[in-house]
1. Residues of the range B:85-108 with the amide nitrogen closer than 13 Å to a label point 7 Å from the Cα of B:Leu8, along Cα-to-Cβ, please.
2. Can you work out the FRET efficiency for the pair B:Ala100 and B:Thr255, with r the C-beta to C-beta distance and R0 = 56 Å, to the nearest 0.05?
3. Where a Cα-Cα gap under 14 Å defines reach, which aspartates and glutamates qualify for A:Lys69, not counting those fewer than 8 residues away within the same chain?
4. Can you give the helix-only mean residue ellipticity at 222 nm for chain B, where every DSSP H stretch with n ≥ 4 adds -39500 (n - 2.57) and the sum goes over all residues, rounded to the nearest 500 deg cm²/dmol?
5. What FRET efficiency comes out for the pair B:Gln142/A:Leu2, r = Cβ-Cβ distance, R0 = 60 Å, nearest 0.05?
6. I'd like the distance separating the alpha-carbon centroids of the range B:37-116 and the range B:8-26, in whole Å.
7. So which of A:Lys135/A:Lys162; B:Lys82/B:Lys146; B:Lys51/B:Lys149; B:Lys36/B:Lys149; A:Lys9/A:Lys82 end up more than 23 Å apart by C-alpha?
8. Relative to the longest principal axis of chain B, what angle (0 to 90°, nearest 10) does the C-alpha long axis of helix B:190-199 take?
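Where a number appears in this text, it was derived from the coordinates with a stated rule and is not lab data. Since the structure is predicted, the reported quantities are computational estimates derived from the model, not experimental observations. As a convention, Cβ positions derive from the backbone with ideal geometry for all residues, glycine included, and neighbour counts pool all protein chains shown.
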Amino acid sequence: MLCCVCKEKEAKVHLTQIVGDKMQKVDLCEGCAAQKGVNDPAGFSLADLLLGLGATQEAEQSPAGGELKCPNCGFTQADFKKAGRLGCSECYVTFSEGLDGLLKTMHKGTKHMGKVPHAMQQSRELSDRLKSLQKKLDKAVTEEDFEQAASMRDEIKATKEKLAALATN
Amino acid sequence: MNLHEFLLSPDESARREGPHNKIVMSSRVRLARNIKGAAFPGWAKKADRIKTLDIVRPAVESLPQMADHFSETMDNLTLLDKNILVERHLISREHAAKNAGSGLVFNREETLCVMINEEDHLRMQALRPGLQLKQAWQAIDQVDSKLEKKLEYAFSPDIGYLTACPTNLGTGIRVSAMLHLPGLVLAEQINQIIQAVNKLGLAVRGLYGEGTEALGNVFQVSNQMTLGEAETDIVERLSKVLSQIIEHEENARGTLLEKKPKTVYNHIGRAYGILANAHSISSKETMNLLSLMRLGVDLGLFPDLDRAPVDELFVVTQPNHLQKRYSDKLTAEERDLLRADMLRERLRTVSRPKPKPTPPSSGAEKS
């Protein structure tokens, strides 16, 4: 089998990766493998394919600057490529663009459908309530129903206080 | 407290009963959680890991579910102790490799075990004998709800609980069951089953989890996807698949007995013969043969033997359990001799398998 990059020498490095139900195979000669940085099978991890940083693409990327770095923990895209894991919870914001495609290939969906911490749940409910109260208030004002407006205003005040109390806890 | 005084004896542990435990050895639900803003354990510096451990460990210890607990940092456990915990399926191999800055808390009944600073800040798991996925989920859900009051989790309303590896993102849940499937292996149907299960987005792994061999015909089935689906849906889906696998295993056993009784008796008789008479035997061979003995017990071929002593042998013949019992300086060859001695002694009073004149239907078996 010939190397699929130089198509001259015999391929000695064979990589197979399965992502979802798709299988990708790359056969390289030793020279090309070293050049593409895939001579270390441990270093050529899932993250490459998943972040769309295939060996070939990566070689074309300019090594100089512009690399994303997490402001919270200093983790870089290269670190992710090496480890296949992220540095901290903030990394999900820092690298969100590259992660989107990755999440699509590995999960059922990209929106969380499960458990929500209780405090988070409460604040979500309160802010939803605040929005609907605000709408009712606007409607009452346009309709000049001042009694209704006054009671909405009081409820909004109370809800805002509850939200503030949650945030300080 | 001394780990070995706290751990259930293998005998006690093997005698715990659960639904369908002829085929389902245990159920497990684990949740991955992290502390907001703190670097994940794999990236955090030692001082930061210790800081996180010092926040998380007291919170876990104070849980009502942990009223009677064992708690230790990983640097205070010997390598042998850590490996024994792996052989008991209480911690992962990855966690056994940890030292300062990582910790472990588990309860007296060994139904709740929390690894601190494994791949994530918290890996909490509920364990149950037999098929009890729903119960395990409810138990760990309660623990999690208690902990979220004391710890500030890294959570995003859009993508859920944030984990070190994106494969655990969202619910951070891994629901799994350990299955004993000798019938499907003997009937050569196991690969079809594995493929079918994989197609449903579930993973099939070996005895010690990720990247391990299916020794002793024991397979772990678990969900892979954690985002885009609610926990209860994942539990429900896995439960359905498991009851199908149980049915296939029972059918395979029934068909084998009906169509090829001699093959089945031959395998079980030989397994008994070797285990009861060998003078040197490896851990791998022991597990594979014990699996056949366990099948023999299920099929009623050993009237004077229960499943529990066989399950106990599964545990105590593992390399690190032998090291602990005799000496931690044993070579593999010495272990093989001691393992064979132990098996001959334990099986001395067990009479050889008695094939039944008419094969029983799978439903009439002792469960």
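1. B:88-90, B:107-108
2. On the way: r = 54 Å, r/R0 = 0.97.
For R0 = 56 Å, the calculated efficiency reads 0.55.
3. Candidates past the 8-residue exclusion: A:Asp79, A:Glu90, A:Glu97.
4. -13500 deg cm²/dmol
5. Given R0 = 60 Å and the Cβ-Cβ separation, E is 0.50.
6. Result: 24 Å between the Cα centres.
7. Check vs 23 Å cut-off fails for B:Lys82/B:Lys146; A:Lys9/A:Lys82.
8. Roughly 30 degrees between the two axes.
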